[in-house]
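One structure below.
The values are calculated or read from the model by the stated rules, or taken from the named source; none is laboratory data. Predicted model, so just to flag it, every value in this text is computed and none were measured. Counting neighbours? That spans all protein chains shown, and the Cβs are built from the backbone with ideal geometry, glycine included.
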Amino acid sequence: MSILIRDALLDGRVESVYIEGDRIREIGKKIEADTVIDGKNMALLPGLVNVHTHAAMTLFRSYADDMKLQDWLQTKIWPAEAKLRPEDIYWGTKLACLEMIKSGTTCFNDMYFHMDMAAKAVQEMGLRAVLSEGFIDMRDREASEESLKKTRAVTEKIAAMRCTRIVPAWGPHAVYTVSQESLRALKQLSDETGYLLHMHLSETQKEVEECKAETGKSPAKYLEDLGFLSDRCVMAHGVWLDSTEIAALARTGAKVVHNPVSNMKLAVGKAMPYAELRRAGVPLSLGTDGAASNNSLDMFQTLKFASLLHKFASNDQTAAPTKEIWEMGTIGGAKALGLDCGRVEEGALADLILVDLRRAFMVPNHDLYSNLVYAASGDCVDTLICDGKVLMMNRQVEGEEEILEKASSAALDVTRRASHG
Ligand SMILES: [Zn+2]
């Protein structure tokens with residue numbers, strides 16, 4: 001299978017791009033192809049990479065908002081999650097994939113439950129994903145053994161699919177929900193398999209203070225001393241990091257995923273130390289977090305929030321400029337996940353979007369990155385290609401109606417089951 005994208009705007013020039021198999025083969029030549037896409041009035045860009053989400057939480061979109069965090073978790077989210085069935089994860093993930101395709105995301109890093117069902121959904125939808133079964137043992141020895149068994153079984157199942165677009169990972173939830181023994185075991189599994197470790201880190205002040213009270217160390221320092229941190233760690237949030245933690249992350253090569261919308265909505269109380277992390281050389285990428293705490297998976301919103309949050313927090317209009325933020329949302333994400341996407345270059349994976357430059361909010365186009373970060377929404381994406389296959393053209397995605405219908409009824413059912421106890 002081959003695709004030719006004709007006459008699209010690429011890095012300020014009109015270019016044609018030839019894709020064969022899963023990769024970009026030629027830029028600048030009009031080679032005959034099975035599919036020809038007219039790129040006139042479109043910008044050709046790498047697809048966005050969402051490095052932290054819980055995809056099937058789309059089922060809880062608009063279910064509970066504007067509540068105190070503990071109330072929200074204890075009376076709404078946890079009871080509903082307890083009622084999730086494998087089939088729900090499948091439809092919730094399908095809905096998430098649909099939303100991501102429609103808003104220009106070609107690759108995502110997901111942590112949730114029943115991830116073999118998420119993998120099935122991703123395989124059918126055609127996106128690229130790193131999938132980790134969320135690991136929680138509440139620091140209980142028996143639960144630890146049970147959870148390790150389960151997480152290995154699910155991970156092996158995902159690996160056995162042998163889908164080149166789907167990469168398994170290990171998903172220890174956070175330091176306050178996972179025992180030291182389990183953290184060591186998961187690190188060991190990561191060493192053996194080479195799979196990433198996807199984890200939440202220092203999201204709230206409360207978890208940092210509890211960790212310090214208990215271990216005498218901040219969470220990142222505690223993890224470093226455990227031997228857990230490495231360049232295979234993808235840590236979500238990193239809001240309440242102090243300088244010793246930033247140094248630990250930099251030393252070990254661990255990555256941090258910034259989730260500005262979720263952080264602001266859940267009122268975590270401060271902005272991630274963006275400038276300090278960059279100065280220390282910690283690789284940064286962007287994520288939406290789950291649809292219960294965002295409530296959108298549109299990465300264009302995340303681009304804008306990221307830039308605005310750090311301008312606001314630092315009282316500096318030059319902070320977090322557009323090109324830097326765009327790179328965090330694309331190549332930064334690809335690097336965090338160790339994948340060869342996130343760039344439009346010969347030899348790279350063909351994970352691409354065509355952005356419609358004739359949308360009112362994209363005109364005039366004095367600066368494309370300014371428009372992408374400050375003016376655009378995911379709606380500007382006309383065509384999406386992942387792994388060399390067209391998943392959306394003229395904003396049409398196959399099977400959309402069925403997904404909307406099945407996901408809405410799954411969402412209604414699970415929340416009904418939750419409210420009936
Ligand atoms: Zn999260």
>> Name the residue that is farthest from Pro168 (Cα to Cα), counting only residues in segment 192-215 that are buried (at least 23 other Cβ atoms within 10 Å of the Cβ) and hydrophobic (A, V, I, L, M, F, W, C).
In response: Leu201
> Within segment 282-298, which residues are surrounded by 18 or more Cβ atoms within 10 Å (Cβ to Cβ) and within 15 Å of the ligand (Cβ to nearest atom)?
Replying inline: Ser285, Leu286, Gly287, Thr288, Asp289, Gly290, Ala291, Ala292, Ser293, Asn294, Asn295, Leu297
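Let's see how each residue does on (1) closer than 18 Å to Ser179 by Cβ; (2) within 16 Å of the ligand (Cβ to nearest atom); (3) in a helix (DSSP H, G or I):
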{"site": "Asp191", "(1), (2), (3)": "no, no, yes"}
{"site": "Met199", "(1), (2), (3)": "yes, yes, no"}
{"site": "Tyr222", "(1), (2), (3)": "yes, no, yes"}
{"site": "Leu229", "(1), (2), (3)": "yes, no, no"}
{"site": "Ala236", "(1), (2), (3)": "no, yes, no"}
{"site": "Trp240", "(1), (2), (3)": "no, yes, no"}
> Can you find a residue in segment 147-165 that is in the same structural domain as Thr330 (by TED's automatic domain parsing), acidic (Asp, Glu) and either within 18 Å of the chain's Cα centre (by Cα) or crowded, with 21+ Cβ neighbours inside 10 Å (or both)?
Replying inline: no
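So if I check each of Thr215, Thr193, which one is hydroxyl-bearing (Ser, Thr, Tyr), over 22 Å from Glu324 (Cα atoms) and without any contact (Cβ under 8 Å) to a residue 24 or more places away in the chain?
Thr215
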> For the subset of segment 46-59 comprising residues that are within 13 Å of the ligand (Cβ to nearest atom) and hydrophobic (A, V, I, L, M, F, W, C), which member is surrounded by the fewest Cβ atoms within 10 Å (Cβ to Cβ)?
Replying inline: Met57
> Going by the structure shown, is Gly290 in contact with a Ser or Thr (Cβ under 9 Å, 6 or more places away or on another chain) and among the small types (Gly, Ala, Ser)?
Replying inline: yes
>> Can you report the number of residues in segment 242-281 which are among the hydrophobic types (A, V, I, L, M, F, W, C), surrounded by fewer than 24 Cβ atoms within 10 Å (Cβ to Cβ) and part of a loop (DSSP other than H, G, I, E, B)?
In response: 4
> So, of the residues in segment 303-332 that are in contact with a Gly (Cβ under 7 Å, 6 or more places away or on another chain) and within 19 Å of Cys380 (Cβ to Cβ), which turns out to be surrounded by the fewest Cβ atoms within 10 Å (Cβ to Cβ)?
Replying inline: Leu303
> Quick check: anything in segment 135-147 touching a Phe, Trp or Tyr at 6+ places or on another chain (Cβ under 7 Å), away from the ligand (no atom under 16 Å from the Cβ) and over 28 Å from Thr383 (Cα atoms)?
Replying inline: yes
> Within segment 401-420, is even one residue within 15 Å of Gly104 (Cα to Cα), of a type in the set (Ser, Thr, Tyr) and either in contact (Cβ under 8 Å) with a residue 24 or more places away in the chain or not assigned by TED's automatic domain parsing to the domain that holds Gly329 (or both)?
Replying inline: no
